[in-house]
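As structure tokens, the structure follows; a few thoughts come after it.
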Amino acid sequence: MTTSAIDAHASPDDPVAALLRRAQPCLWLNPRRQAVPARVQPVAGQCISLDDTKAAAARFARFAPLLAQVFPELQPSAGVIESPLLPAPGLHAAVGSLEGQGRLWLKADHLLPVAGSIKARGGIHEVLEFAEGLALRHGLLGPQSGPDDYRALASPAARAVFARYTVAVGSTGNLGLSIGVAASALGFSAVVHMSADAKEWKKERLRQRGVQVVEHVGDYEAAVAAGRAQAAQDPFSHFVDDERSLSLLLGYSAAALHLQQQLQDAGIAVDAEHPLLVYLPCGVGGAPAGITFGLRQVFGPHVHCFFAEPVQSPCFMLQMMAGQGQHPSVYDWGLTNQTEADGLAVPRASLPAAELMAPLLSGCFTVPDETLFRQLVRVLDATGERIEPSAAAGFAGPAMLTGSDAGRAWVAAQSLQQHLAQAAHLVWTTGGRFVPPEEFERFVQRGRALA
Ligand SMILES: *Cc1c(COP(=O)(O)O)cnc(C)c1O
């Protein structure tokens, strides 16, 4: 893959491509977005619809009583793993003044229990789906088993079955935390292949829970490839494939159904007069693509989703510009993939996620690391919420749309201008709950020094 393949698609003097190559913040808008999405979307040779999202939500519900038993922190929510929707008027100035251009909300996945990040959604879903399949095959559950019966999966007999299997994953950190913690809690042995940039505290947290951590000198892609190869040798190993898994993606998509209820409860309408604009931090693309798929199925033309990436790791934007049949890497573009946003440090996008997003996504934008640290401090000061650098990427979104020529032209072309005052801007804050205090303090100092 050379840059010329992309230049053939986006003309050589394309201003977005030029900014991208210089690692300058930029906004790419998707010319292929379909206002009314098809009910059934092809992805990785399969077809998915809202029914699959509902099936993932139903799986979480079946497992809730078991989860409440295995994770004491889930007792208050009766086993439901969800995050609040928080109003954030104090952050309007921080995102570049939304005066008269809508209201800002946070979807606070940085508070998600068990995993402390958005990875709780997809990662735990895939572990549950694997456990459920085994339980049915081994007669631990009947086809008619209700949620109460799922507690049987905490029995010594069930755990003895699970203990024969390994759940493995390759990760920059947060997916490993989610899979490792969930799998070991159910009795699986768990192996997490970590890239060199994974944070030490994430490795330590896993080791404390009996998870085997395998360190790799390379980047995220290398960790995934090593884990995939090792697991392929072992019939008792299930590899959670962050670059290919539909179970992950559908687990993420279930967030859309819960959010729909939260928006309704908060009195936020989503319709032609009240657009919803959602800004999602993006690594390999599975999490934001799953959520975008669910939201587009639920809200159709009235929701616009944008992915946020570090200026040195804009793999999803590159993939969307290149189109199918290409698989560009950020290294091909002279970028380093070096970022403090470890959850987003991915050189090449998930192809299924990109395929799924071609008709659904509104756009992508990039953010310098300094902006992440500044926003992290503003979030702390205005709301008291503690997010990690990756989770701050979405805050640059509203200003990209309302404060840049390209963004304003897009808003006008979408006929959104007259409705922006009634818009909800939803920034997805994707992680941070378990960042150790001393680590967080370093983030804050760095952000204050930049302010
Ligand atoms: C993984 C992650 C993302 C993005 O998810 P992908 O599926 O990799 O795109 C965003 N924020 C945080 C904190 C993450 O850990």
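The values are calculated or read from the model by the stated rules, or taken from the named source; none is laboratory data. What you see is a predicted model; the values in this text were computed from it and never measured. Don't worry about glycine lacking a Cβ; one is built from the backbone with ideal geometry, like all the others, and counts go over all protein chains shown. Remember, those area values only see protein heavy atoms, side chains included, never the ligands or the DNA or RNA. Shrake-Rupley method; radii C 1.70, N 1.55, O 1.52, S 1.80 Å.
Among the candidates Ala353, Ala341, Ala349, the residue that is within 14 Å of the ligand (Cβ to nearest atom) and under 25 Å from Glu439 (Cβ atoms) is uniquely Ala341. With respect to the conditions (1) among the charged types (D, E, K, R); (2) farther than 20 Å from Arg433 by Cα; (3) out of contact with any helix residue (DSSP H, G or I) (no Cβ under 9 Å at 6 or more places or on another chain), Arg207 lacks only one, and its number is (2).
Here the condition is being within 28 Å of His302 (Cα to Cα), touching a residue at least 24 places away in the same chain (Cβ under 8 Å) and open to solvent by less than 40 Å² (accessible area, probe 1.4 Å); of Gln41, Gln46, it holds for Gln41 alone. The selection criterion, being among the β-branched types (Val, Ile, Thr), modelled with pLDDT of 95 or more, open to solvent by less than 10 Å² (accessible area, probe 1.4 Å) and more than 13 Å from the ligand (Cβ to nearest atom), holds for Val303. Of all residues in the range 145-181, those being of a type in the set (A, V, I, L, M) and within 15 Å of the ligand (Cβ to nearest atom) number 5. Figure legend. Inter-residue proximity from the range 268-289: first residues in a loop (DSSP other than H, G, I, E, B), second residues near the ligand (Cβ under 8 Å from one of its atoms) and of a type in the set (Asp, Glu), beta-carbon distance below 8 Å, spacing 6+ or different chains. Indicated pairs: Val284/Asp242.
Residues that are over 25 Å from Asp51 (Cβ atoms) and surrounded by fewer than 16 Cβ atoms within 10 Å (Cβ to Cβ) within the range 252-268 comprise Ala266, Gly267, listed in sequence order. A count restricted to the range 398-451 and to residues that are over 12 Å from His304 (Cβ atoms) and within 16 Å of the ligand (Cβ to nearest atom) stands at 13. Taking every residue in the range 377-398 that is closer than 21 Å to Pro25 by Cα and touching a residue at least 24 places away in the same chain (Cβ under 8 Å) and pairing it with any residue that is open to solvent by 10 Å² or more (accessible area, probe 1.4 Å) and among the acidic types (Asp, Glu), at least 6 positions away or on another chain, the pairs with Cβ-Cβ distances below 8 Å are Val379/Glu385; Pro389/Glu340; Pro389/Asp369. Summed over the range 190-217, the residues that are more than 20 Å from the chain's Cα centre (by Cα) and either polar (S, T, N, Q) or open to solvent by 50 Å² or more (accessible area, probe 1.4 Å) (or both) give a count of 10. Exactly one residue out of Glu99, Glu82 is free of Cβ contacts under 8 Å to residues at least 40 places away in the same chain and more than 16 Å from the ligand (Cβ to nearest atom), and it is Glu99.
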